[in-house]
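The values are calculated or read from the model by the stated rules, or taken from the named source; none is laboratory data. Values in this document were obtained by computation on a predicted structure and should not be read as measured data. Using ideal geometry, Cβ is built from the backbone for each residue, glycine included, and neighbour counts are taken over all protein chains shown.
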């Protein structure tokens, strides 16, 4: 009997597994070990393929080898039920291993065991992912751990990461359409827009793919990816994943998608100029648009991680005085060439306000106060206003703070909340609770130039039949004429004149700076128009707007659209 056993052990015939020969070889790492089926697992195994049961103690090397071999062999053969029986969580393992072929469309599987290290066994998976006539090889490394069950049996301690190291609890491997089809975005003249050429457009192009990928006529690619939670049930068919789940992770691109072409309102010329200017500065953001139509021609940011130009929420400082001035003009609380107070200080609601460098204008007009960006000229009028007056003006005339803009990509519509006491007074000069971004401020000066709010947009509403926001009413004709004159005067003879020099006669502008708690220098703002171009920019921690953001705006206006 002993001789027969020794003879059996001396044979070294290779084992054939699913048509693949895996032979025993020496060496470390993923040296190929033969994986035996249940009835050929060696003398340490029982007839059902499990290692002989021990009642206690750590699993032995023989048990680890036999259990791993039985599990991997059954998995490779596509027998999910038998492979799951080698684990301590049969139902979960069976579901995952069945989904490996059914949902992930992975076949032609070869699993090669590496050397064990205690109860842990590494292995390499080599397979093919196939979906609707497209296929691609897949190779990755994973590991399993053999544990002793309560009844003493050695079993694979089931974790989703056994199937693939990127899988966590409730995750699923899915192969299917890769979400939204890619988009080839082009400018108003058909020039392609890419992040390689225009880095600031990264978030914009991502947003366009998400919203218009299918409408633009593109075809999604095919990907193998890890999908989280309930999203897995929808993902194979290209449905939208749950907003409450983290984004899926792509493991393999089986085939690339075919992009559809989407025309935008952007101008390659204006975008290039905007990219150059923000690239010369830290924390700068700018937007260029057409006042006559609302079309956005450019949007750029120094930092490409967050789109401050379209989504930022910052105090706009004195650029808000455009809205406030229009309100004072309509209410006959100011007239451009009548005397208007501009003292060094003005108090309201328990706060004491002052002008930059504590300047004052004695016996000055509202024109001179506006052009010099006198804060106290506005604070002195607070006692004559109701707490919701500025909010109504911003919403009804300038289309702000209603959360109804539909630009074609994600954007913030500005916030002008109803406030009282000192906060209400601060709002008049763009502080308090007022929040804007360059898109909002460019829209403000566009409305001031034409007298009509036209909602900014980056994709024509004709593409998806969406409705653009409208204002409740136009700016009073007389107030609009005087506001236009105030902005023109500021650009030629006031605080905006230095930056706007040499840009012609059809110009208007407004400077601004906004104090921010914890910053040594305020955020610098500037907005202006030149002909049928309007722009607004902010340079965070830039200081005075005329010096920091002014040259940026002037440069993009000079470049044209």
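Looking at (1) under 14 Å from residue 260 (Cβ atoms); (2) touching a helix residue (DSSP H, G or I) at 6+ places or on another chain (Cβ under 6 Å); (3) part of a loop (DSSP other than H, G, I, E, B), which is the only condition residue 217 fails?
It fails just one condition, (2).
Considering every residue within segment 231-249, establish whether at least one is at pLDDT 90 or above, in a strand (DSSP E or B) and over 23 Å from residue 466 (Cα atoms).
The answer is no; no qualifying residue exists.
Among the listed residues 411, 406, 446, 460, which satisfies the condition of being under 23 Å from the mean Cα position of the chain (by Cα) and crowded, with 21+ Cβ neighbours inside 10 Å?
Among 411, 406, 446, 460, only 411 is under 23 Å from the mean Cα position of the chain (by Cα) and crowded, with 21+ Cβ neighbours inside 10 Å.
Looking at residue 138, is it within 19 Å of residue 166 (Cα to Cα), assigned to a strand (DSSP E or B), in the same structural domain as residue 61 (by TED's automatic domain parsing) and in contact with a helix residue (DSSP H, G or I) (Cβ under 8 Å, 6 or more places away or on another chain)?
no
Consider residue 112 carefully, then state whether it is touching a residue at least 60 places away in the same chain (Cβ under 8 Å) and crowded, with 16+ Cβ neighbours inside 10 Å. Walk me through how you get there before you give the answer.
Values: touching a residue at least 60 places away in the same chain (Cβ under 8 Å): yes; crowded, with 16+ Cβ neighbours inside 10 Å: yes.
For residue 112, the condition - touching a residue at least 60 places away in the same chain (Cβ under 8 Å) and crowded, with 16+ Cβ neighbours inside 10 Å - is met.
State whether the residues of segment 186-195 include one that is at pLDDT below 85 and either surrounded by 20 or more Cβ atoms within 10 Å (Cβ to Cβ) or assigned to a loop (DSSP other than H, G, I, E, B) (or both). If you could, list the steps in order and put the result at the bottom.
Keep residues of segment 186-195 that are at pLDDT below 85, which gives none.
No, segment 186-195 contains no residue that is at pLDDT below 85 and either surrounded by 20 or more Cβ atoms within 10 Å (Cβ to Cβ) or assigned to a loop (DSSP other than H, G, I, E, B) (or both).
As an exercise: evaluate residue 519 against (1) on the phi < 0 side of the Ramachandran plot; (2) in contact with a strand residue (DSSP E or B) (Cβ under 9 Å, 6 or more places away or on another chain) and give the number of the one condition it does not meet.
(2)
Tell me, which residue of segment 93-109 that is in a helix (DSSP H, G or I) and touching a residue at least 60 places away in the same chain (Cβ under 8 Å) is surrounded by the fewest Cβ atoms within 10 Å (Cβ to Cβ)?
99
Considering only segment 417-432, how many residues are surrounded by 23 or more Cβ atoms within 10 Å (Cβ to Cβ), in contact with a strand residue (DSSP E or B) (Cβ under 8 Å, 6 or more places away or on another chain) and assigned to a loop (DSSP other than H, G, I, E, B)?
2
Quick check on segment 439-447. Is at least one of its residues touching a strand residue (DSSP E or B) at 6+ places or on another chain (Cβ under 8 Å) and assigned to a loop (DSSP other than H, G, I, E, B)?
Within segment 439-447, none of the residues are touching a strand residue (DSSP E or B) at 6+ places or on another chain (Cβ under 8 Å) and assigned to a loop (DSSP other than H, G, I, E, B).
May I ask you to say which residue of 334, 377, 325, 394 is at pLDDT 95 or above, in the same structural domain as residue 457 (by TED's automatic domain parsing), part of a loop (DSSP other than H, G, I, E, B) and crowded, with 24+ Cβ neighbours inside 10 Å?
Testing whether each residue is at pLDDT 95 or above, in the same structural domain as residue 457 (by TED's automatic domain parsing), part of a loop (DSSP other than H, G, I, E, B) and crowded, with 24+ Cβ neighbours inside 10 Å leaves just 334.
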